[in-house]
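The values are calculated or read from the model by the stated rules, or taken from the named source; none is laboratory data. All of these numbers come straight from a predicted model, not from anything done at the bench. Note: ideal-geometry Cβ built from the backbone for every residue, glycine included; neighbour counts use all protein chains shown. Protein only, heavy atoms only, side chains kept; ligands, DNA and RNA dropped before computing areas. Shrake-Rupley method; radii C 1.70, N 1.55, O 1.52, S 1.80 Å.
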Amino acid sequence: MIIEPRPSVSVLRAGLAPVWAILAALALCAVLIFWTGTSIPTAYFLLFKGAFGSAFAINETLTRSIPLIFTGLAVAVAFRAKFYNIGAEGQLYAGALAATYFGTGMITLPPVLMIPFLMIVGALAGGALLIVPVLLKTRMKVDEVVTTLLLNFVVLLLVSYLIEGPWKDPMSLGWPQAAAVIDEGVLPPLLAKGRLHLGLVIALAASVLIWAMMRFSVLGYEIRAVGYNAGAAEFSGINVSRTVIITALISGGLAGMAGVSETAGLKGYLTLDLSPGFGYTGIAVAMLAQLNPLGVIPAAIFLSAVYVGSDAMSRAINIPTYIADVLVGVSVLAVLCSVMLSQYRVRWRT
Amino acid sequence: MSDLFEILLTAGFWAATIRIVSPLIFGTLGELICERAGVLNLGIEGIMTVGAMSGWMWVYQGGGLWGGVLFAAAMGALFGLLHAAFTVQLGLSQHVTGIGITLFASALSYFVYRMLLPLATTPPKIEPFDEVAIPGLSDLPIIGEALFNQSPLTYLALLAVPVVWYVLHRTPLGLAVRMAGENPVAVEAQGINVLAVRTGAVVVGSALMAVGGAFITMSWFDAFYFGMINGRGWICVALVIFASWQPGKALAGAFIFAGLEALQVRAQVLAGGFIPYQFFLMLPYIMSILAMIVMARKTKYPQALLVPFRRGERV
């Protein structure tokens with residue numbers, strides 16, 4: 001078996017890579033569905049119907065995609081610079097903590113100021129959480145994957161302490177949750193019905209902004225240069241450490257905004273089940289988007305549809321909801337393969 | 001403070017340390033073997049979950065305990081093979097593949113568990129491994145009970161350390177594995193197939209990780225819970241760095257870590273009311289980060305770690 005680079009990769013071939021990956025993932029999960037005894041077309045039809053079958057379903061799918069757009073962007077920016085931030089989950093909660101600290105009555109501003117203010121403090125908190133890992137990486141070459149992963153657990157325990165202890169809402173009837181975000185800080189709903197909120201607009205704006213930054217700004221150029229070849233970037237006069245640090249702060253900031261959006265937009269208050277692994281799913285989103293900030297939007301909507309749809313599917317027929325997580329994991333692996341196959345070709349003779 | 005020292009003299013503390021250390025030894029050795037061959041295996045968290053679920057499930061479905069351990073190891077090896085196919089044979093990103101394997105393997109474990117036991121609300125139990133006392137030694141005060149009256153899997157873990165050390169450092173095979181992680185071109189020049197060596201190392205390492213997971217459900221506890229691995233895999237990755245890729249130091253590191261964790265559980269009782277329990281639970285993760293910082297200046301990564309090898313391609 002010989003793997004050799006294709007002489008040229010057409011836009012179509014590159015663009016179709018994630019589509020092939022998704023089809024491959026769906027085909028592999030069909031094996032599991034077959035095992036449950038349900039007919040495969042029925043199961044996938046129910047999944048599709050659950051995600052897009054009604055105005056309510058579409059509303060729910062878009063709502064669920066908001067945190068995934070943010071965490072997907074966070075991962076896409078970081079991975080572009082080969083900074084492997086696997087801590088979006090922790091940074092999301094850091095943002096949620098900031099939104100709770102400042103948003104539950106400490107400061108009251110009119111909504112026009114309050115919402116941006118909460119977004120900014122959330123982003124700062126998310127970025128702040130990455131300062132230690134990124135400095136350890138640039139100064140002492142400590143692997144950021146492990147440090148960011150371990151910090152996820154630390155932050156989650158901190159949240160657990162705060163909402164069971166000092167921040168516990170006395171009105172919550174014993175449930176461990178923090179006080180509600182004040183009305184001025186709540187992200188208003190976009191439609192009369194359903195849970196879709198302003199977070200979607202902010203997430204879409206963030207995608208476009210990050211795309212423009214990566215594409216047109218000097219910083220974006222530096223981030224890409226550092227990612228392609230850090231040695232060459234350093235040689236050409238780019239301050240690699242500085243670029244990696246800025247990348248990390250942007251990445252953490254985006255993940256932090258996911259936390260604000262979930263706290264101030266969807267739930268209204270901080271709980272321990274604020275995120276069912278949005279930080280980790282963000283990795284799948286970014287990979288399906290091939291690290292393209294605009295590609296993050298459809299990728300997030302697709303994976304959100306998988307979650308929302310499989311909830312509906314498992315209610316209707318006897319398939320464990322974990323099928324959605326399997327699909328997410330498989331699609332990460334499948335997209336790695338399909339992107340490689342779009343750039344390389346395999347020849348079977350020796 | 002004197003209370004803390006008293007804890008150190010109780011047999012319960014040492015028994016807990018040994019219990020906590022066993023899965024860490026398996027996981028750390030497994031990761032160490034992979035990384036020595038030049039492959040970072042971030043699938044460890046998921047592979048330990050697979051091991052925990054499959055070993056337990058084997059026994060629950062009526063299989064023997066040792067059969068369960070073997071089955072867990074085989075499942076781990078299978079996911080190791082998947083990881084190796086991506087990272088070694090195709091040369092894809094080791095970071096992303098590893099995370100993908102973890103997501104896939106954990107989700108698949110949960111899916112299979114729910115599929116086979118759809119209605120279980122309280123996790124069903126199995127009859128776990130019994131302690132086996134080593135005659136004579138187990139009568140020693142304090143440590144006798146802890147060290148020499150343990151589950152056979154713990155003895156297996158302790159035995160695995162010198163075996164892995166011997167194979168890695170005293171056999172031609174081990175030399176090939178270590179060279180594959182340092183200078184794969186030189187290995188290839190010796191007529192040894194780098195891809196085969198790396199694949200083998202990842203498969204064996206992953207099997208060990210899975211046995212570590214199986215220890216948790218088959219010896220430590222007697223049931224499988226969701227989220228049961230809870231970051232132990234990541235802690236093993238940190239321990240490998242702390243141990244500078246040496247099996248002996250890995251054992252020492254795992255013991256220090258497990259000792260502190262066992263102490264933490266007991267200190268939690270002492271400090272109950274003063275310090276919230278969450279801060280004690282944070283300690284293992286913070287200690288792992290600190291351990292990496294402490295060793296950062298001294299660590300000598302395997303030179304070819306994370307570098308895919310493509311035959312005939314110049315580096």
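B plus A alone minus the pair: what accessible area, both sides summed, probe 1.4 Å, in Å² to 100? Could you put the intermediate results ahead of the total?
Numbers: alone 14940 and 16780 Å², together 27600 Å².
Approximately 4100 Å², summed over both chains.
Report the Cα centroid-to-centroid distance between the range A:63-77 and the range B:135-191 in angstrom, as an integer.
Between the Cα centre of the range A:63-77 and that of the range B:135-191, the gap is 43 Å.
Select from the range A:105-146 all residues whose loss of accessible area on going from the chain by itself to the full protein assembly reaches 30 Å² or more (probe 1.4 Å).
A:Leu136, A:Met140, A:Val142, A:Asp143, A:Val145, A:Val146
Just to be sure I understand: with springs between alpha-carbon atoms less than 10 Å apart, which residue in B:Val164, B:Val294, B:Val177 has the highest mean-square fluctuation in the Gaussian network model of chain B?
Looking only at B:Val164, B:Val294, B:Val177, the biggest GNM fluctuation is shown by B:Val294.
Tell me, what is the FRET efficiency for B:Phe274 and A:Phe52 to the nearest 0.05, using R0 = 51 angstrom and their Cβ-Cβ distance as r?
0.45
Rolling a 1.4 angstrom probe over the protein heavy atoms, how many square angstrom per residue are accessible across chain B?
Numbers: 12890 Å² over 315 residues.
The answer is 41 Å² per residue.
Enter the mean projected area of the convex hull around the alpha-carbon atoms of the protein assembly as shown, in nm², rounded to one decimal. Show your work: numbers first, answer last.
On the way: hull surface 126.1 nm².
With every direction weighted equally, the projected area is 31.5 nm².
Taking R0 as 51 Å, what FRET efficiency do you get between B:Gln61 and A:Arg347 from their Cβ-Cβ distance, rounded to the nearest 0.05? Provide the component values of the computation, followed by the final result.
Values: r = 44 Å, r/R0 = 0.87.
It comes to 0.70.
May I ask for the angle, rounded to the nearest 10°, between helix B:94-116 and the longest principal axis of chain B, with both axes built from Cα atoms and the value confined to 0 to 90°?
Taking Cα atoms only, the helix is inclined about 50 degrees.
For a label point 7 angstrom out from the Cα of B:Leu156 toward its Cβ, which stretches of the range B:192-213 have the backbone nitrogen within less than 16 Å?
Under 16 Å, as judged by backbone N against the label point of B:Leu156, lie B:204-213 of the range B:192-213.
How would you order A:293-301, B:276-284 from highest to lowest mean count of nearby Cβ atoms within 10 Å?
Highest to lowest by the protection proxy: A:293-301, B:276-284.
From the protein chains alone at 1.4 Å, what is the descending order of accessible area for A:Glu262, A:Glu184, largest first?
Greatest to least solvent exposure: A:Glu184, A:Glu262.
Can you work out the FRET efficiency for the pair A:Phe45 and A:Ala205, with r the C-beta to C-beta distance and R0 = 35 Å, to the nearest 0.05? If you can, show how the numbers build up before the last one.
Numbers: r = 34 Å, r/R0 = 0.98.
Efficiency computed from Cβ-Cβ geometry: 0.55.
Taking Cα pairs under 8 Å and at least six residues apart, what relative contact order does the range B:131-272 come out at, in percent? Mind showing how you got there, number by number?
Numbers: 72 pairs, mean separation 23.3, N = 142.
The normalised contact order for the range B:131-272 reaches 16 percent.
So for the pair A:Glu234, A:Val112, with labels modelled 7 Å out along Cα→Cβ, what separation do we get in nm?
Reported label-point gap for A:Glu234 and A:Val112 is 4.9 nm.
Could you give the angle, 0 to 90 degrees to the nearest 10, between helix B:247-270's Cα long axis and the longest principal axis of the Cα atoms of chain B?
The two axes meet at around 30 degrees.
Mind jotting down the distance between the C-alpha centroids of the range A:246-293 and the range B:1-74, whole Å?
32 Å
On average, how many beta carbons from a partner chain sit within 10 Å of the beta carbon of a residue in A:85-94?
On the way: counts 0, 6, 0, 0, 0, 0, 0, 0, 0, 0.
Across A:85-94, the average partner-chain Cβ count within 10 Å equals 1.
Once label points are set 7 Å from the Cα along Cα→Cβ at both B:Ala252 and A:Val19, what is their separation, rounded to one decimal in nm?
It works out to 5.8 nm between the two label points.
Taking the Cα-to-Cβ direction at A:Ala192 and at B:Gln89 and moving 7 Å from each Cα, how far apart do the two end points lie in nm?
If labels sit at A:Ala192 and B:Gln89, their model points lie 5.8 nm apart.
Please arrange A:Leu191, B:Leu70 by accessible surface area, largest first, computed with a 1.4 Å probe and ligands excluded.
Ranked from most to least accessible, the order is B:Leu70, A:Leu191.
Looking at this model, which pairs from A:Lys49/A:Lys168; A:Lys49/A:Lys193; A:Lys49/A:Lys267; A:Lys82/A:Lys168; A:Lys168/B:Lys125 are more than 29 angstrom apart at the alpha-carbon?
Details: A:Lys49/A:Lys168 39 Å; A:Lys49/A:Lys193 19 Å; A:Lys49/A:Lys267 25 Å; A:Lys82/A:Lys168 39 Å; A:Lys168/B:Lys125 35 Å.
Going by Cα-Cα distance, A:Lys49/A:Lys168; A:Lys82/A:Lys168; A:Lys168/B:Lys125 fall outside the 29 Å limit.
Expressed as a rounded percentage, what relative contact order does the range A:66-290 have, with Cα pairs under 8 Å and six or more residues apart? Spell out each step's value before the answer.
Values: 412 pairs, mean separation 100.2, N = 225.
Once divided by the residue count of the range A:66-290, the mean separation gives 45 percent.
So what's the angle, to the nearest 10 degrees on a 0 to 90 scale, between helix B:277-296 and the longest Cα principal axis of chain B?
40 degrees
Report the semi-axes of the equivalent ellipsoid for chain B in whole Å, largest first, where each axis is √(5λ) for an eigenvalue λ of the Cα gyration tensor. Let's see the in-between values first.
Working: eigenvalues 211, 110, 72 Å².
Value: 32, 23, 19 Å, ordered largest first.
Using only the Cα atoms of the range A:38-197, build the gyration tensor, take square roots of its eigenvalues as a ≥ b ≥ c, and label the shape rounded, prolate or oblate: rounded if a/c is under 1.5, else prolate if a/b is larger than b/c, else oblate.
Values: a/c = 1.75, a/b = 1.13, b/c = 1.54.
Verdict is oblate for the range A:38-197.
Residues of the range B:69-108 that become at least 40 Å² less accessible with every protein chain present than in their own chain isolated, using 1.4 Å: which are they?
Listed by number, the residues meeting the 40 Å² cut-off are B:Phe86, B:Leu90, B:Leu92, B:His95, B:Val96, B:Ile99, B:Leu103, B:Phe104, B:Ala107.
When the accessible area of the protein assembly as shown is split by element with a 1.4 Å probe, what percent falls to carbon and sulfur? Let's see the in-between values first.
Numbers: 18890 of 27600 Å².
Summing carbon and sulfur atoms, their accessible area is 68 percent of the total for the protein assembly as shown.
What does the accessible area of B:Asp130 come to, in Å² to the nearest 10, when a probe of 1.4 Å is used?
For B:Asp130, the solvent-accessible surface is approximately 110 Å².
From Cα pairs below 8 angstrom and at least 6 apart in sequence, can you work out the relative contact order of chain B, rounded to a whole percent? Please list the in-between numbers first.
Details: 535 pairs, mean separation 113.0, N = 315.
RCO, chain B: 36 percent.
Summing -39500 (n - 2.57) over the DSSP H runs of n ≥ 4 in chain A and dividing by its residue number, what mean residue ellipticity at 222 nm do you reach, to the nearest 500 deg cm²/dmol? Kindly include the intermediate steps, with their values, before the conclusion.
Details: 14 runs with 241 residues, N = 350.
Estimated from H runs of four or more residues: -23000 deg cm²/dmol.
How long, wide and thick is chain A, going by the Cα atoms along their three principal axes, in whole angstroms, largest first?
Here the spans come out as 71, 59, 33 Å, largest first.
Can you tell me the dipole magnitude for the protein assembly as shown around its Cα centre, using point charges on the Cβ only (Lys, Arg +1; Asp, Glu -1), in Debye to the nearest 20? Working shown, then result.
Working: 36 positive and 30 negative charges, 423 e Å.
Around 2040 debye, computed over the protein assembly as shown.
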